[in-house]
Amino acid sequence: MAPNFLSQLTGSFAMPAAENPTVSMIEAAYRHHDLDWRYINCEVSPDALGDAVRGAKAMGWAGFNCSIPHKVAVIDHLDGLGQSAEIMGAVNTVVRRGHSLIGENTDGKGFVQAMREAIDPDGKSVVLFGAGGAARAVSVELALAGARTINIVNRSPARGGGLVGLLNERTPTSADLTVWDRTFAIPEGTDIVVNATSIGLFPDVDGRLDIDMASLTPGMVVADGIHNPPRTNLVRDAEARGCTVLDGLGMLVNQGVIAIKYWTDIDVDPSVMRRTVEELLYSH
Ligand code: NDP
(Lines give C-alpha, C1' and ligand atoms only; values in the text may rest on other atoms or scores of the structure.)
Protein backbone atom coordinates (compact mmCIF):
# COMPACT_ATOMS: atom_id res chain seq x y z
CA MET A 1 0.00 0.00 0.00
CA ALA A 2 1.52 3.33 -1.00
CA PRO A 3 1.72 5.98 1.73
CA ASN A 4 -0.69 8.88 1.24
CA PHE A 5 -1.74 11.93 3.21
CA LEU A 6 -4.10 9.82 5.31
CA SER A 7 -1.59 7.13 6.27
CA GLN A 8 -0.95 6.95 10.00
CA LEU A 9 2.75 6.99 10.78
CA THR A 10 4.67 4.78 13.20
CA GLY A 11 8.29 3.69 13.13
CA SER A 12 11.54 2.96 14.86
CA PHE A 13 14.21 5.33 16.14
CA ALA A 14 17.60 3.62 16.36
CA MET A 15 21.30 4.24 15.81
CA PRO A 16 22.37 2.72 13.51
CA ALA A 17 19.08 1.97 11.77
CA ALA A 18 20.17 -1.62 11.08
CA GLU A 19 18.10 -4.04 9.05
CA ASN A 20 15.31 -4.77 11.45
CA PRO A 21 12.82 -7.67 11.30
CA THR A 22 10.34 -5.50 13.20
CA VAL A 23 9.78 -3.30 10.15
CA SER A 24 8.79 -6.22 7.89
CA MET A 25 6.77 -7.86 10.63
CA ILE A 26 4.72 -4.77 11.48
CA GLU A 27 4.18 -3.72 7.88
CA ALA A 28 3.02 -7.29 7.13
CA ALA A 29 0.42 -6.96 9.90
CA TYR A 30 -0.75 -3.57 8.55
CA ARG A 31 -1.14 -5.04 5.05
CA HIS A 32 -2.87 -8.19 6.31
CA HIS A 33 -5.44 -6.14 8.21
CA ASP A 34 -5.80 -3.62 5.38
CA LEU A 35 -4.66 -0.77 7.61
CA ASP A 36 -3.45 2.36 5.85
CA TRP A 37 -0.57 2.67 8.29
CA ARG A 38 3.19 2.77 7.76
CA TYR A 39 6.18 1.78 9.92
CA ILE A 40 9.36 3.64 9.05
CA ASN A 41 12.92 2.87 10.16
CA CYS A 42 14.67 6.14 11.11
CA GLU A 43 18.35 6.54 11.95
CA VAL A 44 18.41 8.97 14.89
CA SER A 45 21.70 9.95 16.55
CA PRO A 46 21.71 10.49 20.33
CA ASP A 47 22.10 14.28 20.03
CA ALA A 48 19.10 14.47 17.66
CA LEU A 49 16.75 12.35 19.77
CA GLY A 50 14.84 15.28 21.32
CA ASP A 51 14.30 16.88 17.91
CA ALA A 52 13.17 13.53 16.47
CA VAL A 53 10.60 13.05 19.24
CA ARG A 54 9.31 16.62 18.84
CA GLY A 55 9.18 16.04 15.06
CA ALA A 56 7.14 12.87 15.46
CA LYS A 57 4.78 14.75 17.78
CA ALA A 58 4.51 17.72 15.39
CA MET A 59 3.75 15.37 12.47
CA GLY A 60 1.07 13.54 14.45
CA TRP A 61 2.80 10.16 14.52
CA ALA A 62 0.72 7.58 16.40
CA GLY A 63 3.90 6.30 18.06
CA PHE A 64 7.28 4.69 17.55
CA ASN A 65 9.70 2.12 18.91
CA CYS A 66 13.04 3.05 20.41
CA SER A 67 16.00 0.75 20.37
CA ILE A 68 19.57 0.96 21.58
CA PRO A 69 20.87 3.57 22.47
CA HIS A 70 17.61 5.47 23.01
CA LYS A 71 15.60 3.27 25.41
CA VAL A 72 16.57 5.24 28.53
CA ALA A 73 17.43 8.66 27.05
CA VAL A 74 14.03 9.01 25.36
CA ILE A 75 12.32 9.26 28.77
CA ASP A 76 13.49 12.89 29.17
CA HIS A 77 11.56 13.82 26.02
CA LEU A 78 8.22 12.15 26.87
CA ASP A 79 5.13 13.37 28.71
CA GLY A 80 4.69 10.30 30.92
CA LEU A 81 5.40 6.58 31.42
CA GLY A 82 3.36 3.41 31.77
CA GLN A 83 3.75 1.42 35.01
CA SER A 84 6.31 -1.18 33.94
CA ALA A 85 8.37 1.27 31.84
CA GLU A 86 8.56 3.50 34.90
CA ILE A 87 9.79 0.61 37.08
CA MET A 88 12.31 -0.59 34.48
CA GLY A 89 13.47 2.92 33.60
CA ALA A 90 13.41 1.95 29.92
CA VAL A 91 11.03 2.54 27.03
CA ASN A 92 10.83 0.58 23.80
CA THR A 93 7.44 1.83 22.59
CA VAL A 94 6.08 5.37 22.58
CA VAL A 95 2.34 5.89 22.22
CA ARG A 96 0.45 9.09 21.43
CA ARG A 97 -2.46 9.48 23.85
CA GLY A 98 -4.34 12.71 23.15
CA HIS A 99 -1.64 15.37 22.94
CA SER A 100 0.82 13.40 25.09
CA LEU A 101 3.56 10.95 24.17
CA ILE A 102 3.66 8.13 26.73
CA GLY A 103 6.51 5.62 27.09
CA GLU A 104 5.72 1.93 27.44
CA ASN A 105 7.86 -1.20 27.39
CA THR A 106 6.50 -4.11 25.39
CA ASP A 107 9.61 -6.37 25.52
CA GLY A 108 8.60 -8.01 28.79
CA LYS A 109 4.87 -7.79 28.06
CA GLY A 110 5.46 -9.64 24.78
CA PHE A 111 7.41 -12.29 26.62
CA VAL A 112 4.68 -12.80 29.22
CA GLN A 113 1.97 -12.89 26.53
CA ALA A 114 3.94 -15.59 24.67
CA MET A 115 4.47 -17.47 27.94
CA ARG A 116 0.76 -17.53 28.77
CA GLU A 117 0.27 -19.95 25.86
CA ALA A 118 2.20 -22.50 27.96
CA ILE A 119 1.82 -21.38 31.60
CA ASP A 120 0.35 -18.57 33.71
CA PRO A 121 3.25 -17.03 35.72
CA ASP A 122 0.91 -16.20 38.61
CA GLY A 123 2.20 -17.92 41.78
CA LYS A 124 5.07 -19.61 39.93
CA SER A 125 8.72 -19.91 40.82
CA VAL A 126 11.14 -18.63 38.18
CA VAL A 127 14.86 -19.00 37.47
CA LEU A 128 16.03 -16.24 35.14
CA PHE A 129 19.52 -16.04 33.64
CA GLY A 130 20.85 -12.53 32.95
CA ALA A 131 20.49 -9.05 34.38
CA GLY A 132 20.73 -6.77 31.32
CA GLY A 133 17.98 -4.87 29.54
CA ALA A 134 16.04 -7.95 28.37
CA ALA A 135 16.28 -9.57 31.83
CA ARG A 136 15.04 -6.36 33.48
CA ALA A 137 12.05 -6.12 31.12
CA VAL A 138 11.11 -9.80 31.41
CA SER A 139 11.58 -10.11 35.18
CA VAL A 140 9.59 -6.96 35.99
CA GLU A 141 6.66 -8.16 33.84
CA LEU A 142 6.82 -11.68 35.32
CA ALA A 143 6.78 -10.09 38.78
CA LEU A 144 3.82 -7.87 37.88
CA ALA A 145 2.07 -10.97 36.45
CA GLY A 146 2.30 -12.54 39.91
CA ALA A 147 5.47 -14.70 39.81
CA ARG A 148 5.99 -15.76 43.44
CA THR A 149 9.79 -16.01 43.41
CA ILE A 150 12.44 -14.99 40.87
CA ASN A 151 15.97 -16.30 41.21
CA ILE A 152 18.26 -14.07 39.13
CA VAL A 153 21.34 -15.99 37.99
CA ASN A 154 23.99 -13.64 36.62
CA ARG A 155 27.72 -13.60 36.02
CA SER A 156 28.26 -10.05 37.26
CA PRO A 157 27.23 -9.71 40.94
CA ALA A 158 26.80 -5.95 40.66
CA ARG A 159 24.37 -6.09 37.74
CA GLY A 160 22.54 -9.07 39.21
CA GLY A 161 22.26 -7.41 42.62
CA GLY A 162 20.91 -4.22 41.08
CA LEU A 163 18.10 -6.11 39.37
CA VAL A 164 17.25 -8.12 42.50
CA GLY A 165 17.05 -4.87 44.49
CA LEU A 166 14.74 -3.32 41.91
CA LEU A 167 12.43 -6.36 41.89
CA ASN A 168 12.22 -6.53 45.67
CA GLU A 169 11.67 -2.80 46.10
CA ARG A 170 9.28 -2.10 43.24
CA THR A 171 7.30 -5.31 42.62
CA PRO A 172 5.42 -7.84 44.79
CA THR A 173 7.75 -10.76 43.95
CA SER A 174 10.46 -12.18 46.17
CA ALA A 175 13.78 -12.06 44.26
CA ASP A 176 17.23 -13.35 45.09
CA LEU A 177 20.60 -13.55 43.37
CA THR A 178 22.85 -16.45 42.48
CA VAL A 179 26.24 -15.38 41.14
CA TRP A 180 26.86 -17.57 38.09
CA ASP A 181 30.45 -18.66 38.56
CA ARG A 182 30.00 -22.43 38.16
CA THR A 183 27.60 -24.91 36.58
CA PHE A 184 24.12 -24.05 37.83
CA ALA A 185 21.63 -26.73 38.84
CA ILE A 186 17.99 -25.64 38.46
CA PRO A 187 16.39 -26.11 41.90
CA GLU A 188 13.67 -28.75 42.17
CA GLY A 189 10.22 -27.17 42.16
CA THR A 190 11.15 -24.49 39.62
CA ASP A 191 8.23 -23.88 37.23
CA ILE A 192 9.77 -21.50 34.68
CA VAL A 193 13.35 -21.16 33.38
CA VAL A 194 14.26 -18.13 31.25
CA ASN A 195 17.38 -17.28 29.27
CA ALA A 196 17.58 -13.49 29.11
CA THR A 197 21.34 -13.42 28.43
CA SER A 198 22.85 -13.00 24.98
CA ILE A 199 24.31 -16.54 25.05
CA GLY A 200 23.40 -18.32 21.80
CA LEU A 201 22.73 -15.14 19.82
CA PHE A 202 23.83 -15.15 16.15
CA PRO A 203 26.67 -15.41 15.17
CA ASP A 204 27.71 -17.23 18.41
CA VAL A 205 25.10 -19.90 17.83
CA ASP A 206 27.15 -22.63 19.53
CA GLY A 207 26.88 -20.81 22.87
CA ARG A 208 25.38 -22.91 25.66
CA LEU A 209 24.28 -21.89 29.15
CA ASP A 210 26.40 -23.48 31.87
CA ILE A 211 23.52 -25.48 33.37
CA ASP A 212 23.41 -28.99 34.80
CA MET A 213 21.19 -30.45 32.08
CA ALA A 214 20.02 -33.26 34.36
CA SER A 215 18.32 -30.60 36.52
CA LEU A 216 15.93 -29.69 33.67
CA THR A 217 12.83 -31.79 34.25
CA PRO A 218 9.68 -32.37 32.17
CA GLY A 219 7.38 -30.24 34.34
CA MET A 220 9.40 -27.08 33.60
CA VAL A 221 8.64 -24.44 30.99
CA VAL A 222 11.91 -23.26 29.45
CA ALA A 223 11.87 -19.99 27.49
CA ASP A 224 14.70 -18.47 25.48
CA GLY A 225 14.74 -14.72 24.77
CA ILE A 226 17.07 -15.23 21.80
CA HIS A 227 15.13 -15.08 18.52
CA ASN A 228 18.06 -15.39 16.11
CA PRO A 229 18.37 -18.31 15.72
CA PRO A 230 15.01 -19.42 17.15
CA ARG A 231 16.24 -22.97 17.82
CA THR A 232 19.06 -22.30 20.27
CA ASN A 233 21.01 -24.97 22.09
CA LEU A 234 18.89 -24.26 25.17
CA VAL A 235 15.66 -24.86 23.23
CA ARG A 236 17.06 -28.12 21.82
CA ASP A 237 18.50 -29.33 25.14
CA ALA A 238 15.33 -28.53 27.10
CA GLU A 239 13.18 -30.21 24.46
CA ALA A 240 15.36 -33.31 24.64
CA ARG A 241 14.85 -33.34 28.43
CA GLY A 242 11.04 -33.29 27.93
CA CYS A 243 10.46 -29.67 29.04
CA THR A 244 7.87 -27.41 27.42
CA VAL A 245 9.89 -24.89 25.36
CA LEU A 246 9.20 -21.39 24.09
CA ASP A 247 11.53 -19.71 21.60
CA GLY A 248 12.40 -16.00 21.41
CA LEU A 249 10.24 -15.44 18.34
CA GLY A 250 7.14 -15.44 20.52
CA MET A 251 8.57 -12.55 22.56
CA LEU A 252 9.57 -10.61 19.45
CA VAL A 253 6.24 -11.14 17.70
CA ASN A 254 4.13 -10.40 20.75
CA GLN A 255 5.98 -7.18 21.63
CA GLY A 256 5.01 -6.07 18.11
CA VAL A 257 1.41 -7.23 18.53
CA ILE A 258 1.14 -5.23 21.75
CA ALA A 259 2.77 -2.13 20.20
CA ILE A 260 0.30 -2.24 17.27
CA LYS A 261 -2.58 -2.62 19.74
CA TYR A 262 -1.34 0.50 21.58
CA TRP A 263 -1.10 2.49 18.35
CA THR A 264 -4.13 1.28 16.36
CA ASP A 265 -6.35 -0.32 19.03
CA ILE A 266 -6.55 -3.37 16.75
CA ASP A 267 -5.65 -6.94 17.74
CA VAL A 268 -3.55 -8.16 14.84
CA ASP A 269 -2.94 -11.79 13.89
CA PRO A 270 0.42 -12.86 15.40
CA SER A 271 0.81 -15.77 12.94
CA VAL A 272 1.19 -13.37 9.98
CA MET A 273 3.97 -11.58 11.83
CA ARG A 274 5.68 -14.77 12.96
CA ARG A 275 5.69 -16.13 9.39
CA THR A 276 7.29 -12.92 8.13
CA VAL A 277 10.08 -13.03 10.72
CA GLU A 278 10.68 -16.75 10.14
CA GLU A 279 11.07 -16.14 6.42
CA LEU A 280 13.62 -13.41 7.15
CA LEU A 281 15.62 -15.44 9.67
CA TYR A 282 15.54 -18.75 7.83
CA SER A 283 16.52 -17.19 4.51
CA HIS A 284 20.06 -16.37 5.83
P1 NDP B 1 22.71 -6.88 27.74
O2 NDP B 1 24.05 -6.68 27.10
O3 NDP B 1 22.06 -5.73 28.45
O4 NDP B 1 22.83 -8.08 28.82
C5 NDP B 1 23.46 -9.27 28.47
C6 NDP B 1 23.30 -10.28 29.60
O7 NDP B 1 23.89 -11.50 29.19
C8 NDP B 1 24.02 -9.89 30.90
O9 NDP B 1 23.28 -10.36 31.99
C10 NDP B 1 25.35 -10.64 30.79
O11 NDP B 1 25.93 -10.92 32.03
C12 NDP B 1 24.89 -11.91 30.13
N13 NDP B 1 25.96 -12.59 29.41
C14 NDP B 1 26.44 -12.30 28.17
N15 NDP B 1 27.41 -13.17 27.83
C16 NDP B 1 27.54 -14.04 28.87
C17 NDP B 1 28.37 -15.18 29.11
N18 NDP B 1 29.26 -15.60 28.21
N19 NDP B 1 28.22 -15.84 30.27
C20 NDP B 1 27.33 -15.44 31.20
N21 NDP B 1 26.51 -14.36 31.03
C22 NDP B 1 26.62 -13.69 29.88
O23 NDP B 1 21.78 -7.44 26.62
P24 NDP B 1 20.17 -7.38 26.54
O25 NDP B 1 19.63 -7.71 27.88
O26 NDP B 1 19.72 -6.14 25.89
O27 NDP B 1 19.84 -8.54 25.51
C28 NDP B 1 20.05 -9.91 25.85
C29 NDP B 1 19.43 -10.78 24.79
O30 NDP B 1 18.01 -10.66 24.84
C31 NDP B 1 19.85 -10.36 23.39
O32 NDP B 1 20.63 -11.38 22.88
C33 NDP B 1 18.57 -10.23 22.61
O34 NDP B 1 18.59 -11.11 21.50
C35 NDP B 1 17.51 -10.70 23.56
N36 NDP B 1 16.33 -9.82 23.44
C37 NDP B 1 15.29 -10.37 22.85
C38 NDP B 1 14.18 -9.65 22.64
C39 NDP B 1 13.05 -10.33 21.95
O40 NDP B 1 12.11 -9.66 21.57
N41 NDP B 1 13.10 -11.66 21.80
C42 NDP B 1 14.04 -8.24 23.08
C43 NDP B 1 15.20 -7.75 23.74
C44 NDP B 1 16.33 -8.54 23.88
P45 NDP B 1 26.84 -9.84 32.81
O46 NDP B 1 25.88 -8.90 33.49
O47 NDP B 1 27.60 -10.67 33.75
O48 NDP B 1 27.67 -9.17 31.77
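For Ser271, indicate whether it is crowded, with 16+ Cβ neighbours inside 10 Å, away from the ligand (no atom under 16 Å from the Cβ) and either over 25 Å from Leu163 (Cα atoms) or assigned by TED's automatic domain parsing to the domain that holds Val127 (or both).
no
Could you tell me whether Ala147 is touching a residue at least 40 places away in the same chain (Cβ under 8 Å), within 15 Å of the ligand (Cβ to nearest atom) and either within 18 Å of the chain's Cα centre (by Cα) or buried (at least 24 other Cβ atoms within 10 Å of the Cβ) (or both)?
No; evaluated as a whole, the condition is false for this residue.
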Next item on the list: Would you mind listing the helices (runs of 4 or more DSSP H) fully within the stretch 191-284 where at least 1 residues are modelled with pLDDT under 95?
Entry: 248-264, 270-282
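A quick yes/no check of all residues on (1) in contact with a strand residue (DSSP E or B) (Cβ under 6 Å, 6 or more places away or on another chain); (2) over 26 Å from Pro21 (Cβ atoms); (3) small (Gly, Ala, Ser); (4) not assigned by TED's automatic domain parsing to the domain that holds Leu163:
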residue	(1), (2), (3), (4)
Met59	no, no, no, yes
Gly63	yes, no, yes, yes
Ser67	yes, no, yes, yes
Lys71	no, no, no, yes
Leu78	yes, no, no, yes
Ser84	no, no, yes, yes
Val94	yes, no, no, yes
His99	no, yes, no, yes
Next item on the list: Go over the candidates Ser198, Ser156 one by one and state the one that is near the ligand (Cβ under 9 Å from one of its atoms) and over 27 Å from Pro218 (Cα atoms).
Entry: Ser156
Notebook entry, point to check: Can you tell me which residues in the stretch 203-216 are surrounded by fewer than 13 Cβ atoms within 10 Å (Cβ to Cβ) and within 9 Å of the ligand (Cβ to nearest atom)?
Noted result: Asp204
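The values are calculated or read from the model by the stated rules, or taken from the named source; none is laboratory data. Predicted model, so just to flag it, every value in this text is computed and none were measured. Cβ: placed from backbone, ideal geometry, glycine included. Neighbour counts: every protein chain shown.
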